[in-house]
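Worksheet: the structure to be examined is printed underneath.
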Amino acid sequence: MDVINNFIFVCSHEMKNCRIIIRAAQGDSIKFKAFVVDPSAGFLFLTKFNLQNRTNASLSRFTLDGMNEVSLIKGKMFYPHELTLDIALKRIYFLDHHFDFIQQCDYDGGNRKFLQKLPLMKFHRIVFFENNFFGAVTQKNSSIVQISKSSSSFKKVLAENLKENTKMMKIFHQQTQPSNAGKSKVCAANNKCEHLCVPVVDGSSSKVMEKCICKEGFIALESGKCS
């Protein structure tokens with residue numbers, strides 16, 4: 001994501017082929033803040049805030065080709081700055097600087113809840129894994145802590161007295177990765193696409209299918225080739 005120009009790119013693993021899939025309108029006061037993807041469902045989730053109206057923040061869902069935007073939450077959001085997913089249960093967790101709670105909603109925007117009140121320190125990054133949140137917090141120095149999903153109690157401090165602020169946290173799980181055989185997941189190593197393959201939801205069957213897209217300046221053909 002380019003937060004200055006409000007672009008989201010998708011690139012091949014060697015960075016040879018890249019394409020802008022989501023961009024804000026020129027001159028728009030809307031700014032992108034955070035995004036996460038669930039390749040198994042074919043979705044990308046993105047938070048936006050409005051520089052001219054801080055009460056007009058939102059959470060949107062896209063397919064992984066940058067199309068089919070669905071507004072999931074628009075209202076009672078102020079500065080949503082971090083997203084993480086529970087892929088097994090299809091839930092989105094997010095932080096908002098205005099609140100002291102981790103919030104959640106479903107992939108369709110329903111079942112929104114203030115999940116729990118955070119401990120008395122400033123969380124600026126979270127990721128979710130196996131019923132725990134892993135958070136980056138800032139006091140005098142940065143620390144990485146683990147807290148339970150079901151309560152605000154700490155389980156452990158994983159790292160502390162970090163001299164630099166933690167800018168990003170990621171957990172990579174096999175649920176979101178192609179299998180070793182490269183056959184059981186959409187867009188595995190044997191896909192037909194010449195430039196880029198993204199998993200998208202088929203509107204009629206709700207199945208996740210592969211879709212070929214091409215780098216900037218090229219058009220995708222039905223064969224998967226680019227011209």
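The values are calculated or read from the model by the stated rules, or taken from the named source; none is laboratory data. Keep in mind it's a predicted model, so treat the numbers as computed, not measured. Positions of Cβ are backbone-derived with ideal geometry, glycine not excepted, and every protein chain shown enters the neighbour counts. Note: areas computed on protein heavy atoms with side chains; ligands, DNA, RNA excluded. Shrake-Rupley method; radii C 1.70, N 1.55, O 1.52, S 1.80 Å.
Please compute the length gained on full extension between SER205 and MET15, using 0.36 nm multiplied by the number of residues separating them and subtracting their Cα-Cα distance.
Numbers: separation 190, 0.36 × 190 = 68.40 nm, distance 3.20 nm.
So the chain would gain 65.2 nm between SER205 and MET15.
Once the convex hull of the C-alpha atoms of the range 1-56 is built, how many Å³ does it hold per residue, rounded to a whole number? Could you put the intermediate results ahead of the total?
Numbers: hull volume 5.2 nm³, N = 56.
Here the figure is 94 Å³ per residue.
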Inset, instruction - Would you please give the FRET efficiency between LYS76 and ALA188, computed as 1/(1 + (r/R0)^6) with r the Cβ-Cβ distance and R0 = 30 Å, to the nearest 0.05? - result: 0.15
Inset, instruction - Ignoring everything but the protein chains, give the 1.4 Å probe accessible area of LYS170 in square angstrom, nearest 10. - result: 120 Å²
Legend entry - Flagged links, alpha-carbon separation over 18 Å, of LYS90/LYS149; LYS185/LYS225; LYS33/LYS149; LYS16/LYS207; LYS33/LYS113; LYS76/LYS113: LYS185/LYS225; LYS33/LYS149; LYS16/LYS207; LYS33/LYS113
Legend entry - For HIS98, solvent-accessible area (1.4 Å; no DNA, RNA or ligand), Å²: 110 Å²
Inset, instruction - State, to one decimal in nm, how far the label point of ALA24 lies from the label point of ASP106, with both points 7 Å from Cα in the Cβ direction. - result: 3.1 nm
Legend entry - Accessible surface ranking that places the most exposed of ILE30, ILE219, ILE171 first, with a 1.4 angstrom probe: ILE219, ILE171, ILE30
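If DNA, RNA and ligands are ignored and the probe is 1.4 Å, what is the ranking of VAL3, VAL200 by accessible area, most exposed first?
Numbers: VAL3 75, VAL200 20 Å².
Greatest to least solvent exposure: VAL3, VAL200.
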Legend entry - Residue-level accessible surface for LYS48, protein heavy atoms, 1.4 Å, Å²: 30 Å²
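So for MET15, MET77, MET169, what's the accessible-area order with a 1.4 Å probe, most first?
Working: MET15 125, MET77 0, MET169 30 Å².
Result, largest first: MET15, MET169, MET77.
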Legend entry - Taking the convex hull of Cα positions in the range 2-114, its mean projected area over all directions (nm²): 7.4 nm²
